[in-house]
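One structure is given below, encoded as structure tokens.
Since every read-out is calculated from the coordinates, none of them should be taken as a lab result. Bear in mind the structure is a predicted one, so any value in this text is a computation, not a measurement. With ideal geometry, Cβ positions are generated from the backbone for all residues, glycine too; neighbour counts draw on all protein chains shown.
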Amino acid sequence: MPASGHGLAMWLFEDRQDAGQQLAQRLAAFDLGDAVVVALPRGGLPVAAPIAARFRLPIDVLLIRKVGVPGQRELAVGAVSDGQDMQITVNQDIADNLKLSHEDIVALARRELPELERRRNLYFGDLAPEPLAGRTAIVVDDGVATGATARAALRLVRQRRPKQIIVALPVAPASSLAELGAEADAIVCLHQPEPFLSVGSHYRDFGQVDDREVTDLLHRHRLALTADPDDGREDHGDRAKAAFGKGRART
């Protein structure tokens, strides 16, 4: 798929599932026998699904929200997670430029907690998070722009004491990857275009991922992992891939 043409940026991926399949090929070089695929919601889940399907790994979803600035919510001044204690990661350059105090950012972050709680109940119900202690955590998203959400995610994952953290991204700017390198043990990123416009501009289909798709993908994956591997039917990897294909977002 072309990355550029006639001076204009072009899409690199058909959709999130395509990006995940390409990442899975690159991740084959790692020892992933004990790994857990940790997806950042919601766009990271359709990317994580083909990776988990190929290597028959469990999927966890890390509940984390961007903290947007007042009047421009897409601009992240930081990110917040709902771990044992609320964690906030701050993009200090943006905070300084907008003259936002720590108290301002905490107040903005608290607005995101009800949505985090709603998603936890919806995605997991009574299920406990997948244990990460002593295992490899593959943290997956559909791309990174500023990296604020990803940095917060990695710090939360590190609290759960994994053996190592591998960040798997389809696309990101080199500057953000350099910052993520301080939080991860390894980074796999397929493309680092410059100039970097936005994550969505590198996908032909970057449709919204809703809660129904997330819950459907998680349910299908759990069924695929618990099926009998000796039942004489199709390979589990193929079965899981087919299930994920049914849950893809369309525009």
For the chain, would you read off the P(r) tail past 23 Å as a percentage of all alpha carbon pairs? 50 percent
Can you give the angle from 0 to 90° between the axis of helix 16-27 and the longest principal axis of the chain, with both taken from C-alpha atoms, to the nearest 10? 80 degrees
Working from Cα positions, state the angle (0 to 90°, nearest 10) between the long axis of helix 113-124 and the longest principal axis of the chain. 0 degrees
Residues whose placed amide H lies under 5 Å from that of Val38, excluding near-sequence neighbours: Asp60, Ile138, Val139, Val140
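Given the -39500 (n - 2.57) contribution per DSSP H run of 4+ residues, what per-residue ellipticity at 222 nm results for the chain, rounded to the nearest 500 deg cm²/dmol?
Working: 9 runs with 97 residues, N = 251.
Roughly -11500 deg cm²/dmol at 222 nm, from the helical runs in the chain.
Taking the Cα centre of segment 1-155 as origin and charging only Cβ (+1 Lys, Arg; -1 Asp, Glu), how large is the dipole, in debye to the nearest 20? Walk me through the intermediate numbers first.
Values: 17 positive and 20 negative charges, 17 e Å.
For segment 1-155, the charge dipole is close to 80 debye.
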Relative packing of 41-48, 193-200, which averages over residues the other C-beta atoms within 10 Å, highest first: 41-48, 193-200
What are the residues whose amide H is under 5 Å from the amide H of Val69, where those residues sit 5 or more places off or on another chain and H is modelled from the backbone? Leu75, Val77
Enumerate the amide H contacts of Val188 below 5 Å, restricted to partners 5 or more residues apart or on another chain; note that Pro and chain-start residues carry no placed amide H. Val167, Ala168, Leu169
Calculate one ³J(HN,Hα) per residue across segment 141-157 by plugging θ = phi - 60° into the Karplus curve 6.51 cos²θ - 1.76 cosθ + 1.60, and present them in order as whole Hz with x for glycine and proline. 9, 7, x, 9, 10, 6, x, 4, 5, 5, 4, 4, 4, 5, 5, 5, 4
Between the alpha-carbon centers of segment 87-147 and segment 165-215, tell me the distance in whole angstrom. 16 Å
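Let's see if you can work this out: charge +1 on each Lys and Arg Cβ, -1 on each Asp and Glu Cβ, no other charges. What is the dipole magnitude of segment 86-219 about its Cα centre, in debye to the nearest 20? Before the final figure, lay out each step's value.
Working: 15 positive and 20 negative charges, 95 e Å.
Dipole size: approximately 460 debye.
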Hey, what do the phi angles of segment 167-183 turn into as Karplus ³J(HN,Hα) couplings, whole Hz, using 6.51/-1.76/1.60 and θ = phi - 60°, x for Gly and Pro? 8, 10, 9, x, 7, 6, x, 4, 5, 6, 5, 4, 6, 5, x, 6, 9
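Can you give me the relative contact order of segment 65-157 as a percent, contacts being Cα pairs under 8 Å and 6 or more apart? List each step's numbers first, then the result.
Numbers: 92 pairs, mean separation 32.6, N = 93.
For segment 65-157, the relative contact order is 35 percent.
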Any idea which of Ala150, Pro114, Ala182 is furthest toward the positive side of the dipole for segment 102-214, if Lys and Arg beta-carbons carry +1 and Asp and Glu beta-carbons -1? Ala182
Label-point separation, Gln208 to Glu14 (7 Å along Cα→Cβ), nm: 2.5 nm
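First check a/c for segment 145-212, with a ≥ b ≥ c the square roots of the eigenvalues of its C-alpha gyration tensor; if it is under 1.5, answer rounded, and if not, answer prolate when a/b is larger than b/c or oblate otherwise. Each step should come with its number before you reach the end.
Working: a/c = 2.23, a/b = 1.38, b/c = 1.62.
Judged from the Cα gyration tensor, segment 145-212 comes out oblate (a/c at least 1.5, b/c at or above a/b).
Mind sorting Val171, Val188, Val209 by how few other Cβ atoms lie within 10 Å of their own Cβ, fewest first? If you can, show how the numbers build up before the last one.
Working: Val171 25, Val188 17, Val209 21.
Taking fewest neighbouring Cβ atoms as first place, the list is Val188, Val209, Val171.
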If you rank Ser176, Ser201 by fewest surrounding Cβ atoms within 10 Å, what's the result? Ser201, Ser176
